[in-house]
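Shown next, in structure tokens, is the structure this report addresses.
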Amino acid sequence: LDPKYPSNLVMFYIEEPDLHAHAFGPESQKITDLVERLDKTTKYLHEKIYEKNLQNRVNVIHVSDHGMDSLQLKNVIDLSKIIDKKVKYYGSTPILQIVPDVASEREAIFKQLLNASTMLKNFKVFKNEDLPARWHFNNKDRVGPITVLADLGFGFQDMYDNAKFYEEAYHIPVNNENKYGVHGYDNKYETMHPIFFAYG
């Protein structure tokens, strides 16, 4: 520790278990093993803080940026089979922005999605002005005119591309039973909540 120029803030980010949990699912043994390794890393960090007699001088905060839940391809909702007009999709499962190629068709597209969501009961659809305030997501300059959000355990057609990527990257065969990890669902779900623990 430099006595003249001590560090005021030190941060580091570990991409696990997020990276592999997307491919193998948060409930997999691979992720259990990764979490155990991260626990050991945390233990090492705290042991070094005590070894250097810094426990009364350093505040330590551990946070995650989100939780995660599982999704199977058999629970994919293909919006292209619901919408019969040309649109562009932005974002990724479980939340997509939908921008009609023809702006005047927004209402017709919204009604198609609303009818499907009422019947299927596995996703919700919002106009920009009706997005829940608690999401802090209502910004017409940055958010599409229509937003769809899958319910927990469901996703949209972009998951097919994700599954193909995981197959190539991790040699996971694509099938309806594999569990993939997803985050970005409604933050009312406990599995979406991050962790926070600290001492100092």
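Kirkwood radius, segment 31-70, all distinct C-alpha pairs, inverse of mean reciprocal distance: 12.0 Å. Answer with one residue from His183, Ala169, Leu113: the one whose Cα lies farthest towards the positive end of the charge dipole of the chain, charges on Cβ with Lys, Arg +1 and Asp, Glu -1. Ranked along the dipole, the leading option is Leu113. Using the Cβ-Cβ distance between Lys188 and Val63 with R0 set to 22 Å, the FRET efficiency works out to roughly 0.65. Annotation: amide H-H contacts under 5 Å for Val87 (H modelled 1.01 Å from N, sequence separation of 5 or more, or interchain): Asp101. The calculated FRET efficiency for the pair Lys86 and Glu16, based on their C-beta separation and a Förster distance of 45 Å, comes to about 0.70.
Per-residue Karplus couplings for segment 15-24, computed as 6.51 cos²θ - 1.76 cosθ + 1.60 with θ equal to phi - 60°, are listed in order as 7, 9, x, 4, 4, 7, 5, 4, 7, 9 Hz, Gly and Pro entered as x.
Sorting Ser92, Ser7 by solvent-accessible area of protein heavy atoms yields Ser7, Ser92, largest first, with a 1.4 Å probe. In this label model, Ala103 and Asp158 are separated by 2.4 nm, measuring between points 7 Å along each Cα→Cβ vector. Taking θ as phi - 60° and the Karplus parameters 6.51, -1.76 and 1.60, the scalar couplings of segment 90-98 work out to 10, x, 8, 3, x, 10, 10, 9, 10 Hz in sequence order, x denoting glycine and proline. Partners of Lys86 within straight-line reach, counting aspartates and glutamates whose Cα lies under 12 Å from its Cα and excluding those fewer than 8 residues away in the same chain: Asp101, Glu105. Taking amide H positions as modeled 1.01 Å from N, with prolines and chain starts lacking one, the residues under 5 Å from Ile77 and 5 or more places away or on another chain are Gly155, Phe156, Gln157. For segment 1-105, the spread of Cα coordinates along the three principal axes comes to 66, 36, 15 Å, biggest extent given first. Loop sites by DSSP among the chymotrypsin sites (Phe, Trp or Tyr not before Pro) of the chain, restricted to those with at most 10 other Cβ atoms within 10 angstrom, leave 14-200 as the longest stretch without any of them. Note on Arg37 and Asp2: their simple-model spin labels are 3.2 nm apart, each label 7 Å out from Cα toward Cβ. Between segment 132-200 and segment 74-98, the C-alpha centres lie 14 angstrom from each other. Think of the chain as a dipole: +1 on every Lys or Arg Cβ, -1 on every Asp or Glu Cβ, centred on the Cα centre; then among His20, Leu149, Asn8, Asn8 lies furthest on the positive end.
Phi angles of segment 149-159 translate, via the Karplus equation with coefficients 6.51, -1.76, 1.60 and θ = phi - 60°, into HN-Hα couplings of 10, 6, 6, 3, x, 10, x, 10, 5, 5, 5 Hz per residue; Gly and Pro are given as x. Size of segment 53-198: Rg and Dmax of its alpha carbons, in Å, are 18.3, 66.
Charges were assigned to the Cβ only: +1 to each Lys and Arg, -1 to each Asp and Glu. The resulting dipole of segment 1-93 about its Cα centre is roughly 300 debye. A simple charge model with +1 on the Cβ of Lys and Arg, -1 on the Cβ of Asp and Glu and nothing else charged puts the dipole of the chain at about 420 debye relative to its Cα centre.
Only the Cβ atoms of Lys and Arg (+1) and of Asp and Glu (-1) were treated as charged; on that basis the dipole of segment 117-200 about its Cα centre amounts to roughly 300 debye.
The values are calculated or read from the model by the stated rules, or taken from the named source; none is laboratory data. Since the structure is predicted, the reported quantities are computational estimates derived from the model, not experimental observations. Positions of Cβ are generated from backbone atoms using ideal geometry, with glycine treated the same way; all protein chains shown enter the neighbour counts. Note: accessible area is taken over every heavy atom of the protein model, side chains too, but ligands, DNA and RNA are not part of it. Shrake-Rupley method; radii C 1.70, N 1.55, O 1.52, S 1.80 Å.
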